[in-house]
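The values are calculated or read from the model by the stated rules, or taken from the named source; none is laboratory data. From a predicted model like this one, the values you see are computed outputs, not experimental measurements. Counting neighbours? That spans all protein chains shown, and the Cβs are built from the backbone with ideal geometry, glycine included.
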Amino acid sequence: MPVLAYIVVALAAYLLGSIPAGFLVARAKGIDIRKVGSGNIGATNAMRVLGKPAGIFVLVMDLLKGFAAIAWLTVLVLKIFNGTTTDLETLKIVAGIFVVLGHNYTCWLKFKGGKGIATTAGVYLALAPLALGIALVVFILTVLLTRFVSLGSIVAAVALPIAVWFTRDNLTLRIMTIALGALAIFKHRKNMRRIMAGTENRLGKKSSTEAAK
């Protein structure tokens, strides 16, 4: 497969990921979500600022971006370039990386975006559903025990690479997952500082400084 195919997938996946669903939904309601709550454009802040229906919509849209990049975009590009199944697996990994980067660093908002948790979940729903399921259980248990959504996301970001390592025999995918997990943890660095300082708000409490994905 020509190098051009990988470039097309990377660019298309980035642009797909860069669609700021949370920002657009809030703007439709006359709100700049970057200036309220945690200032994050992700689903958690959208839910707390705009309400559950809007927040769930943003969550689904962010998740679909990741899933679509893997399940549909790569297949389309593969057909255009007449590639092989081996090429498809590599294309999916490229798409997974760039759709998350697009969400986290959207070009439409001066390269400031979300934290990539929902979009990464969409990627692994298509790439490694068993590993995602394990990470999701870890996320839910952590949130139930601590009431910190951000901590649940951080712990899940650690659990996902471990789950992928033991459920998928693909070294490139394993390395990609470690990189995306590290990126997710990096994006939550402010949350970690607030947790250690005791100022991170727990699930169910309203606050202008709450963490968001």
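So in segment 30-56, with the set limited to residues that are surrounded by 13 or more Cβ atoms within 10 Å (Cβ to Cβ) and of a type in the set (D, E, K, R), which one is modelled with the highest pLDDT? Before the answer, list the steps.
The initial filter retains those residues of segment 30-56 that are surrounded by 13 or more Cβ atoms within 10 Å (Cβ to Cβ), namely 31, 33-34, 36-50, 54-56.
Filter again for of a type in the set (D, E, K, R), leaving 34, 48.
On the way: R34: 94, R48: 87.
Once the filter is applied, the top-ranked residue is R34.
Looking only at segment 1-53, which residues are farther than 30 Å from K79 by Cβ and not in a helix (DSSP H, G or I)?
Result: K29, G30, I31, D32, V36, G37, S38, G39, N40, I41, G42, G51.
Does G116 meet the test of being closer than 24 Å to V75 by Cα and crowded, with 22+ Cβ neighbours inside 10 Å? Break it down stepwise before answering.
Working: closer than 24 Å to V75 by Cα: yes; crowded, with 22+ Cβ neighbours inside 10 Å: yes.
So G116 passes the test.
Read through the list (1) more than 25 Å from I185 (Cβ to Cβ); (2) among the polar types (S, T, N, Q); (3) crowded, with 18+ Cβ neighbours inside 10 Å, then give the number of the only condition that T84 fails.
(3)
What pairs come up if the first residue lies in segment 68-86 and is under 17 Å from A126 (Cβ atoms), the second is among the aromatic types (F, W, Y) and surrounded by 16 or more Cβ atoms within 10 Å (Cβ to Cβ), and their beta carbons are under 9 Å apart, counting only those six or more places apart or on different chains?
Short answer, once both residue conditions are applied: A69/F98; I70/Y124; V77/Y6.
Restricting attention to segment 129-152, and to residues there that are in contact with a helix residue (DSSP H, G or I) (Cβ under 6 Å, 6 or more places away or on another chain) and over 20 Å from R189 (Cα atoms), which single residue is surrounded by the fewest Cβ atoms within 10 Å (Cβ to Cβ)?
In this case the residue turns out to be L130.
Restricted to segment 75-122, and to residues that are farther than 14 Å from L15 by Cα and among the polar types (S, T, N, Q), which residue is modelled with the highest pLDDT?
Checking each candidate, the answer is T120.
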